[in-house]
Structure formats: C-alpha cells, structure tokens
Amino acid sequence: MPGVYKKTVIGRISYTNAWPLYYYVNPQLLDTPAEMLAAVPSVLNEGMKNGDIHIGALSSFAYAEAADKLQLIPDLSVSANGAVKSILLFSRVPVKELKNATIAMTNTSATSVNLLRILMEKAMGVKPEYKSMEPDLDTMMEQADAALLIGDNAIKASWYNREYVVTDLGEWWKEWTGCSMTFAVCAVNRNAASDHPEAMSEIASMFRDSKQRSLRDLRPIVNEAVSLIGGTELYWRGYFNNLCYDFNEEQQKGLRLYYKYAYELGLLKKDVTPELWRENIVMRVKE
C-alpha cells in the first residue's frame, strides 16, 4: 500500500550556490500538495535521511550515508570543476605548512568538512586536530590555526579578509585529482519515489526547469544576491557562472573518487556507488 502523508516536503538548501535549482520552484503550482523547507545542509541532510523530507538537495556526503534510502535525480547537482569560491580554508600560513595544526571546521555541512580531511590526510599526509564550531571566522581563529567556512559565510569572509591565506578546496581537489567536485546533489526518498512516482517526477522536472531558466538569465538571481547578501553584480554573475549544476559523467566520476577516499579514511562505512532515479528506473553510476 502506498505511503500516506498529507504533503510532500521539498528540501531547499538556503545557501546561494543552490539558488538556480530552486529559484523557479513553486510548490503551489504542483498538482500534488507540497511545501518547501529551507535550511542549512546539516538540517536537510537529517530530514532526507529520516524521511521527513521527500525530495530535494542535500550534501553529497549525507547522500552517501543514506544511499540505501535515497536515489539521485539525474542532471542536477552543485559542482565545480576547479575553484568553487565558497568552500574556503582561512589560515595564518600557507596550507602546506599546516602540519601539526588545529583546524576549526564549520558545523553546517559534512561534505566540505570531509573533503578537507581527505585533502589534508590523503594529499598532504598529515593529520591535524579538528574541532567543530559555529561558522564565525574571528571566533574560530581565536581557537585554531585555520578555519573552514562554506557558503555565504565563506563568501562574506573572503570579501573582507585582509589577514589570512585563503585556500579554495574545489581548486585544491582539482589540482590533486584532476576531477571536478560535487558538493550537493538532488535526491528523492526511495519510498516516496516508489509510492508517488508521478508527484516526484513533477517536482524533479520543476527543478530542471528552474536550473535552465536561471542559467539562461541570471539577472534576477544576481540582483537578489546583491540585495540580500551584498557584493556586486559582477561578483555574483561570475560566481554563478563558475558553478556547474549538471550531474553528468564528469561530475559522477569526481564524486565516486571522493566516496572512495572517504571510505578508505573510515569516514564512510562502505564505498558508495550512487544510483540514479529515472521514473522508477534505477541506474548504477558507471565505475
């Protein structure tokens, strides 16, 4: 018997990097009753894992932890083939000198935190001390040698930083692996996809349409970013154009490598092969 719930809950990442995926998603235009929940990735990740959120974006690492409960929606992600501009490590010395460092980590997303661990421990061969903290650069640097910020917190800090060396984790990953990095994916709860395939398909189509419309004309999103967060039109246009919102073979290859390294470091319990959802047809991502 199909699962019964009054409303489909759509998870919306509150950071600007995901805006193109959501900007034209209006639950009131759907044939199925739905509501949008906007939150930081850590909140959405938990909701997707426990089934309170039926469809939406979540961090790539959180998908891996709950891959048995979720399927990935094709063609949608938040990725970067090099510098991402909003996943930034601030440090007093160049990153290569952080041998016995204490690093303060943002507590708002697991993907970036574990990407930094992979880069430090795999690429550099060092194991610093990590501490999870609220994302405030000044407070973090009072207690650590370096601080990892993501999303709008990282963007704002980069604008005003005059003191610290800044390392872009997307750029570092690209230099080390040659691969792009996928920071967030869009997924659907397996039970919701099975019990309400038409509703989930309608929402997934709205995500894809939002992505296409947003990238075709960035002006509304750019103007809103300037109004709500600050910065210039030039900055935000460059920021959104720099990101990739597809999830093709190139993005899938980079994500598989990320999962492999996370498993080797014991950050994941198993090496995850992502599964794509298409109208109830599951396809395994190529090795």
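The values are calculated or read from the model by the stated rules, or taken from the named source; none is laboratory data. Just so you know, these numbers come straight off a predicted model, no measurement behind them. Cβ: placed from backbone, ideal geometry, glycine included. Neighbour counts: every protein chain shown.
The requirement of being closer than 28 Å to residue 277 by Cβ, of a type in the set (Phe, Trp, Tyr) and without any contact (Cβ under 8 Å) to a residue 24 or more places away in the chain is fulfilled nowhere in the stretch 231-246; no residue meets it.
Exactly one residue among 75, 68 is surrounded by fewer than 22 Cβ atoms within 10 Å (Cβ to Cβ), more than 28 Å from residue 239 (Cα to Cα) and in the same structural domain as residue 187 (by TED's automatic domain parsing), and that residue is 68. Of the numbered conditions (1) farther than 30 Å from residue 194 by Cα; (2) touching a helix residue (DSSP H, G or I) at 6+ places or on another chain (Cβ under 9 Å), residue 99 satisfies every one except a single condition; which is it? That leaves (2) as the condition not met.
For the stretch 134-174, the set of residues classified as surrounded by fewer than 17 Cβ atoms within 10 Å (Cβ to Cβ), without any contact (Cβ under 8 Å) to a residue 40 or more places away in the chain and not acidic (Asp, Glu) consists of 139, 160, 162, listed by residue number. For the stretch 187-287, the helices (runs of 4 or more DSSP H) that sit wholly inside it and include 3 or more residues that are in contact with a Gly (Cβ under 8 Å, 6 or more places away or on another chain) are 190-195.
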